[in-house]
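Asks: The following block contains the structure, expressed as structure tokens.
The values are calculated or read from the model by the stated rules, or taken from the named source; none is laboratory data. Here the structure is a predicted model, which means the values were calculated and not measured. Cβ atoms come from the backbone with ideal geometry, glycine included; neighbour counts cover every protein chain shown. Side chains are part of the model used for accessible areas, which takes the heavy atoms of the whole protein and leaves out ligands, DNA and RNA. Shrake-Rupley method; radii C 1.70, N 1.55, O 1.52, S 1.80 Å.
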Amino acid sequence: FFFCSAVFRMAPSFSHRHAAYAAALACGGIVGARHSVPPSVGVCSAVCLVYLAAILWQNRRKAGEPPVVWSWILFVGSAIAFGKGPLAWLKRQAGEFRSDTFVAIIAGKRTVFLTNPDDWPKVLREPPSRLEFKAVAMEVTENAFGVCKADLTSAFAPASHKQAQRGFIQGLQRPDHLGDLTRAAADGLITSLADVPPRAALFETLAPPLFESTMRALTGDGVFATGACYRDFRLFDRSFAFLAGGAPLALFPTSAAALRRIVDRFSSDPLYAADDGSVSYLMRSRRALFLECAASAERAWQPSSHGRVQSTMVWAAAANTIPAALWTAYWLARCEEARSRVAREIERKLATEPDVPAALADE
């Protein structure tokens with residue numbers, strides 16, 4: 001009765017085919033329970049029924065939710081299918097549901113996927129009770145970067161969190177600080193691109209220069225803007241999705257070692273340690289904030305916590321900048337109209353600068 005009721009109550013949340021499978025299994029368990037069966041069969045039936053109940057609960061559709069992608073694997077959900085080919089999987093689910101928005105279980109998390117960029121403004125206008133950045137940031141920082149929970153709570157306390165948000169706004173939106181970041185990134189990119197091979201795959205060509213120029217803008221020309229740090233970033237980044245989903249860092253020793261090397265750079269980099277002026281305002285303000293948090297905490301911070309919290313900026317800056325730049329370069333290479341428009345705009349801008357040659361080659 002329980003299973004049949006669950007099937008009919010949850011039917012709107014998944015296809016009729018899945019409902020039929022579940023109902024058949026439930027009825028089979030009920031019929032088997034009315035007849036004398038060996039204990040081993042009874043145990044197996046009970047396990048199957050419990051698993052079925054968990055599957056039904058996992059794939060339920062909550063009130064107001066988009067359609068839910070069905071999965072027969074507990075906790076893992078659609079993580080394997082998504083990992084095999086994310087873009088193909090997203091297109092397939094959007095086509096099956098005829099919806100740009102749907103829900104899928106990824107490593108135990110109910111994740112909402114939006115495949116239409118026009119939907120983003122609606123999401124960003126959601127109230128804090130439905131879209132809350134702080135809780136997600138704390139969870140990812142603890143899971144992926146291994147920050148001690150007590151130290152993380154201190155860093156994300158209301159007063160320090162508000163001060164960190166203020167530092168973000170000033171460091172990334174104030175014209176003078178934004179101008180410093182832009183100039184440093186542009187100068188670093190020109191320097192890094194000088195060593196690019198003439199012909200190579202797009203990612204291998206652009207990713208290292210983009211990483212190094214981004215690090216130069218954030219941390220100055222120190223130990224972060226190096227090929228060694230880029231390789232550590234790549235080693236850590238390839239396991240980031242699993243770590244953010246809750247997988248223990250100990251399961252990925254190579255990524256854990258790469259993260260430790262990034263963390264150690266915050267104590268070994270002379271520019272960062274000395275609060276040098278070539279380090280961006282954003283990183284210097286965060287440095288001062290977290291040193292203050294550590295000093296005022298009820299218990300001493302773990303030695304690596306400061307570097308681990310700051311490592312989130314290394315990952316976030318590179319993990320966002322590199323894909324955005326690569327897709328932009330790919331689009332410009334494939335779309336002649338877009339490439340021509342960008343070239344004309346650059347020529348117009350350079351024509352007003354007396355110190356910069358106005359002519360640009362098509363290549």
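Asks: What does the charge count around Gly85 come to, taking other residues whose C-beta lies under 11 Å from its C-beta (Lys +1, Arg +1, Asp -1, Glu -1)?
Replies: It works out to a net charge of +3.
Asks: Separate question: Add +1 for every Lys or Arg and -1 for every Asp or Glu among the other residues with Cβ under 13 Å from the Cβ of Ala338, and state the total.
Replies: Neighbour charge sum, excluding Ala338 itself: +1.
Asks: Here's another thing I want to ask about it. Based on alpha-carbon atoms only, what is the radius of gyration of the range 243-285 relative to the globular estimate 2.2 N^0.38 Å?
Replies: Computed over Cα atoms of the range 243-285, the ratio equals 1.54.
Asks: Turning to a different aspect of this structure: Report the antiparallel proportion of the DSSP beta bridges in the chain as a percent, rounded to a multiple of 5.
Replies: So the antiparallel bridges in the chain amount to around 90 percent.
Asks: Determine by what factor the alpha-carbon radius of gyration of the range 92-245 differs from 2.2 N^0.38 Å, reporting the quotient.
Replies: 1.29
Asks: Gap in Å between the Cα centre of the range 179-234 and the Cα centre of the range 333-353?
Replies: Cα centroid of the range 333-353 versus Cα centroid of the range 179-234: 23 Å apart.
Asks: Looking at this model, which pairs from Lys62/Lys134; Lys122/Lys149; Lys109/Lys149; Lys62/Lys149; Lys134/Lys349 are more than 29 angstrom apart at the alpha-carbon?
Replies: Over 29 Å apart, Cα to Cα: Lys122/Lys149; Lys62/Lys149; Lys134/Lys349.
Asks: How many nm is it between the label spots at Leu193 and Arg61, if each spot is 7 Å from the Cα in line with the beta carbon?
Replies: 4.9
Asks: So how do 222-234, 169-181 stack up, highest first, on mean other-Cβ count within 10 Å?
Replies: Top to bottom by mean Cβ count within 10 Å: 222-234, 169-181.
Asks: Could you work out Rg/(2.2 N^0.38 Å) for the chain, with Rg from alpha carbons only?
Replies: With N residues counted in the chain, Rg over 2.2 N^0.38 Å equals 1.25.
Asks: Assuming 1.306 mPa s and 10 °C, estimate D for the range 162-274 with Stokes-Einstein, Rh taken as the Kirkwood radius over Cα pairs, in µm²/s.
Replies: Diffusion coefficient, whole number: 101 µm²/s.
Asks: Can I ask one more? List the lysines whose Cα lies under 17 Å from the Cα of Lys84, skipping any in the same chain that are fewer than 8 positions away.
Replies: Here the lysines satisfying the reach criterion relative to Lys84 do not exist.
Asks: Right, something else. Summing +1 for each Lys or Arg and -1 for each Asp or Glu, what net charge is found among the other residues whose Cβ lies under 13 Å from the Cβ of Arg166?
Replies: Taking every other residue near Arg166 into account, the sum is +3.
Asks: Quickly estimate the mean residue ellipticity at 222 nm for the chain, helices only: each DSSP H run with n ≥ 4 gives -39500 (n - 2.57), and the total goes over all residues, rounded to 500.
Replies: -21000 deg cm²/dmol
Asks: Run the Debye formula on the Cα coordinates of the range 37-120, all scatterers equal and no solvent, and tell me log10 I(q)/I(0) at q = 0.23, 0.25 1/Å.
Replies: These q points yield log10 I(q)/I(0) values of -1.10, -1.23.
Asks: To continue, here is another question. Could you tell me which of Ser340, Ala185, Phe233 has its Cα farthest along the dipole of the chain towards the positive end, charges placed at Cβ (Lys, Arg +1; Asp, Glu -1), taken about the Cα centre?
Replies: Phe233
Asks: Students often get this wrong: which residues of the range 179-213 have the backbone nitrogen under 15 Å from the point 7 angstrom along Cα-to-C-beta of Asn320?
Replies: In the range 179-213, the label zone of Asn320 (backbone N under 15 Å from the point 7 Å along Cα→Cβ) covers 181-182.
Asks: Given a 1.4 Å probe and every protein chain left where it sits, what share in percent of the accessible area of the chain is carbon and sulfur?
Replies: 62
Asks: Suppose each label sits 7 Å from its Cα in the direction of the beta carbon; what would the Arg92-Ala288 distance come out to in nanometres?
Replies: The modelled label-to-label distance comes out at 5.3 nm.
Asks: How large is the accessible surface per residue of the range 118-217, computed with a 1.4 Å probe and reported in Å² as a whole number?
Replies: Result: 62 Å² per residue.
Asks: Let me ask something additional. So if the hydrodynamic radius of the range 225-363 is defined as the Kirkwood radius over C-alpha pairs, what does Stokes-Einstein give as its diffusion coefficient at 4 °C and 1.567 mPa s, in µm² per second?
Replies: Stokes-Einstein gives a translational diffusion coefficient of 70 µm²/s.
Asks: Highest mean first, what order results for 186-194, 198-206, 100-108 on Cβ atoms within 10 Å?
Replies: 100-108, 186-194, 198-206
Asks: Can you compute the modelled spin-label distance between Ala157 and Ala46, with each label point 7 Å from Cα toward Cβ, in nm?
Replies: 5.1
Asks: Sticking with this one: Please work out the FRET efficiency for the pair Asp237 and Ile346, using the Cβ-Cβ distance as r and a Förster radius of 25 Å; give the result to the nearest 0.05.
Replies: 0.20
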